[in-house]
Amino acid sequence: MYMSARHQEGLAHLLYGINFGGGFVALTGEVGTGKTTLCHCLLQQLPDNVDIALILNPKLNAVELLAAICDELGIAYDHQQPSLKNRVDALNHYLLAAHANGRRTVLLIDEAQNLSLEVLEQIRLLTNLETSTAKLLQIILVGQPELKQMLNRPDLRQLNQRITARYHLLPLSLEETRAYIRHRLTVSDGNPDVFKDSAVRRIYKFSKGIPRIINILCDRALLGAYATEARVITAKIINQSAKEAISTPRKQGRALIPLLILFGMTAGIYFFSQRQPVAPASKMILSGRLPEPSVKEPANIQKTAAITPKAPEKPFAEIIADPGLTLNRALSQALELWGKAIPVNKQVDCNDVQALGLNCLSDKANWKQILTLDRPAILEFVLSAEEKRYALLTGIRQGRPVLRFSQDIDLPLADVLSLWNGYFLILWQPPLPGLTKIIPGQTSDAVFWLREQLALIDGVGEVVKRPLFFDNALKTRVMHFQQQQQLEADGVAGARTLIHLDNMTGAGGSTHLINTD
């Protein structure tokens, strides 16, 4: 929790209202300034003798609100007689008993600008529950600036007069924005200087100091830097992040709320820090180092036909919810990309794939590893514990993944990563029919092929007595190649190693991802 001076002051007003009691406390602020976060912070600092009823959805009528308050406090009432009097009597009896036992009760209503005038009046009447010396119920109203306007209405003047403490939470200043970003990076065990000062100024300009938008911009910027292996976050990266996340009304509604829930800067860093075995890109960025450059692929590697993806017409979460996005459908689409004919209305599996001369690789990876494999990949998306969907990654367009549905659609990377669980399935063409891996100690034509590919890459032409035998010297060369490609250096030329060899030499004539960056 980053507590700016204004957040500390806002929390102090809330604590004052609770500790000294009586009347109402009002906390207002713009959307995304941290009002609800302050409420949760308040809950962690409540005195032991305070009971609180927290109402998060105030779009209720007066009877429903009283029922919700009773439910929060564990007050029994007659469900067969849904009247105001029934519930107020039960609440009053509870409050008197709590007061007699030395306990105090607080009602906290978030999003209070959504309360109707009728309910606000009923809430005012609840403050009439009192003894000769003390109010029995302390009420805290938290809401957007519209709440201030409501309270200034002439017909609510009685309620307005009972507000004993009020505070309006303002956005962060430029200096506070800078300190906030550094704070979030520091508690995430990151480099607090990864954002250049020019980038921070751009973040402040776009966010106007609102923490929620700062989170979104920083999250998008970290993802963008991850995808491009940038060492620091520059103003240019922030401009692109703002364009994707907040600059147009069409995208703003899609991006702000889902990303607030699913990400935040710490979650963005977490995305990268949990991917193994490749060194996480965010850690590389935050420590100021990048992975060793790999050998560039030759220009003659075949690529699939150019794609013209379309922009999404609805949020990704809605697109991926289509129950027709099955593994069988995605596997059929992948075979089509490879130019393989499949029987109509047939459930396709990896046995069918092998019969067509291809292999399946099903595994778990991070986004960087998917890109370095450079094959159309079927990604697995988790909607719930029981629901999974599958979509084929066909390419990358200006850093945005292109997924195939009824057509190719390019989507924000953050949206895709938010639901992708890391599991994938790709089709790849082995250098020799039926070959899945080449292991030390093996004697075969595949070993000779392996020597040829390594010689094309490192330029070392070995003269050996048994070129078809996988000896220790060849194992050492394979391990060196695996280390260069950030693969597990076990000396076994498995699926990933064979795919990387093909990418480097272009020997397999494979189908690759389309990259229009």
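Of all residue pairs spaced 6 or more apart or on separate chains, those with beta-carbon atoms under 9 Å, a first member in the range 210-222 that is within 17 Å of residue 175 (Cα to Cα) and a second member that is of a type in the set (Phe, Trp, Tyr) and not in a helix (DSSP H, G or I) are 211/2; 215/263; 218/195. Every condition in (1) free of Cβ contacts under 8 Å to residues at least 24 places away in the same chain; (2) of a type outside the set (A, V, I, L, M); (3) closer than 23 Å to residue 162 by Cα holds for residue 44 except the one numbered (3).
Restricting 32, 102, 74 to residues that are among the small types (Gly, Ala, Ser) and buried (at least 18 other Cβ atoms within 10 Å of the Cβ) narrows the list to 32.
Among the residues of the range 153-208, those that are basic (Lys, Arg) and crowded, with 20+ Cβ neighbours inside 10 Å comprise 184, 202.
A Cβ distance below 7 Å, combined with a sequence gap of six or more or placement on separate chains, defines the contacts here; from the range 123-150, residues that are hydroxyl-bearing (Ser, Thr, Tyr) reach residues that are at pLDDT below 90 and crowded, with 16+ Cβ neighbours inside 10 Å in the pairs 127/23; 127/135; 127/137; 127/139; 131/99.
In the condition set (1) touching a residue at least 12 places away in the same chain (Cβ under 8 Å); (2) outside any loop (DSSP other than H, G, I, E, B); (3) not polar (S, T, N, Q), residue 97 is compliant with all but (1).
Restricting attention to the range 359-390, the residues being surrounded by fewer than 19 Cβ atoms within 10 Å (Cβ to Cβ), part of a loop (DSSP other than H, G, I, E, B) and within 18 Å of the chain's Cα centre (by Cα) number 3. Checked against (1) at pLDDT below 85; (2) in a loop (DSSP other than H, G, I, E, B), residue 40 passes all but condition (2).
Residues checked against (1) of a type in the set (Ser, Thr, Tyr); (2) assigned to a helix (DSSP H, G or I); (3) touching a Lys or Arg at 6+ places or on another chain (Cβ under 9 Å):
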| site | (1), (2), (3) |
| --- | --- |
| 140 | no, no, no |
| 147 | no, yes, no |
| 157 | no, yes, no |
| 160 | no, yes, yes |
| 167 | yes, no, yes |
| 172 | no, no, yes |
| 176 | no, yes, yes |
| 183 | no, yes, no |
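Would you be able to say whether some residue in the range 470-479 is more than 36 Å from the chain's Cα centre (by Cα), outside the structural domain of residue 396 (by TED's automatic domain parsing) and not in a helix (DSSP H, G or I)? Yes: the range 470-479 contains one or more residues that are more than 36 Å from the chain's Cα centre (by Cα), outside the structural domain of residue 396 (by TED's automatic domain parsing) and not in a helix (DSSP H, G or I). Residue pairs whose Cβ atoms lie under 9 Å apart, separated by 6 or more positions or on different chains, with the first residue in the range 318-339 and over 17 Å from residue 408 (Cβ atoms) and the second among the basic types (Lys, Arg) and in a loop (DSSP other than H, G, I, E, B), are 328/346.
The values are calculated or read from the model by the stated rules, or taken from the named source; none is laboratory data. A quick note: this is a predicted structure, and the numbers were derived from the prediction, not measured. Cβ coordinates were reconstructed from backbone atoms using ideal geometry, including for glycine residues, and neighbour counts include every protein chain displayed.
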